[in-house]
Amino acid sequence: MAVFHLWKRKIGFCSVCKTQLKHKYKPSKDWKIQGFLCGDCHTSKTKEFVIKQQEEKERQEKEANRCSICGLDIGIDSKKFKPRWQWNMNNESILCNKCYDNKESEFQKERNYCAICNRTLKFFRYHPKPKWNIKGQLCKECWDRRNEMK
């Protein structure tokens, strides 16, 4: 006795236009579509997605020509500056000349002068305690005075 298996193909429908599928196309995960697509819907969704990516890329290129601090539009031929890693800024950000110079002078002041008395710091530098809420470094005298206060 022979057993015949009838392999029936499931009838599927397109997730977008609800037509019966002859060929199934799996949508990309980025499209956030459940199920399968017909050929027409797959090509149209692909075109939409590519156009969206191009628009996003153009928008990012426009944003890439803006200063991260002041928002000034930096010309294509103007010089762009990358922030130093010590400034704790985003790695992809760019700065205009004015903002870069301001940030550099603030950093040098914070690094080379006492935050309280503005005295030049020598070899020994003292870091303030976090509860003091002082930005920068201190000289020995200012640190001792601040530490004695309770």
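The values are calculated or read from the model by the stated rules, or taken from the named source; none is laboratory data. If you're wondering where the values come from, they're calculated on a predicted model, not measured in any experiment. For neighbour counting, all protein chains shown are included, and Cβ atoms are generated from backbone atoms with ideal geometry for every residue, glycine included.
Can you tell me which residue in the stretch 110-121 is nearest to LEU72 (Cα to Cα), limited to those that are touching a residue at least 24 places away in the same chain (Cβ under 8 Å) and assigned to a helix (DSSP H, G or I)? Among them, the one singled out is GLU110. Listed conditions (1) surrounded by 15 or more Cβ atoms within 10 Å (Cβ to Cβ); (2) in contact with a strand residue (DSSP E or B) (Cβ under 7 Å, 6 or more places away or on another chain) are all met by LYS80, apart from (2).
For the stretch 135-150, the set of residues classified as at pLDDT 85 or above and in a loop (DSSP other than H, G, I, E, B) consists of CYS139 only. Total residues in the stretch 33-65 satisfying the condition of being part of a loop (DSSP other than H, G, I, E, B) and either modelled with pLDDT under 85 or under 16 Å from the mean Cα position of the chain (by Cα) (or both): the figure is 1. When SER78, SER93, SER68 are screened for being polar (S, T, N, Q), without any contact (Cβ under 8 Å) to a residue 24 or more places away in the chain and not in a helix (DSSP H, G or I), only SER78 passes. Considering the stretch 102-118, the residues that are over 24 Å from ILE69 (Cα atoms) and loosely packed, with under 14 Cβ neighbours inside 10 Å include one that is modelled with the highest pLDDT, namely CYS117.
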